[in-house]
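A short reminder: the numbers here are calculations on the coordinates, not readings from a lab. Quick caveat: nothing in here was measured; it's all calculated off a predicted structure. Cβ sites come from the backbone with ideal geometry, for glycine too, and all protein chains shown count toward neighbours.
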Amino acid sequence: MPNGKPAGVRCIQLNEANMCRIFGQPERPLVCSDFKATIDVCGQTNQEAMWLITDLEQNT
Ligand code: SF4
């Protein structure tokens, strides 16, 4: 996203299946490539991930 992705805003690169459209391509932001998904941040479902990430945002 041109000015970065604000917290809680869906990335414009996500497709309908919640897959990154630019995965593996050079324009994918480094922060995305460096992120390592863990169960404590991502949970096991999209709903859990949203809850966990929102909680992290609000408490840090
Ligand atoms: S990996 Fe990065 S660019 Fe791709 S959908 Fe997720 S936030 Fe967007």
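What size of dipole, in debye to the nearest 20, comes out for the chain about its Cα centre when the only charges are +1 on Lys and Arg C-beta atoms and -1 on Asp and Glu C-beta atoms? The dipole magnitude comes to about 240 debye.
When the helices in the chain are scored as -39500 (n - 2.57) per DSSP H run of 4 or longer and the sum is shared across all residues, what 222 nm value do you end up with, to the nearest 500 deg cm²/dmol?
When only DSSP H runs of four or more count, the value is -10000 deg cm²/dmol.
Computed from Cα positions, the angle between helix 46-59 and the longest principal axis of the chain comes to roughly 70 degrees.
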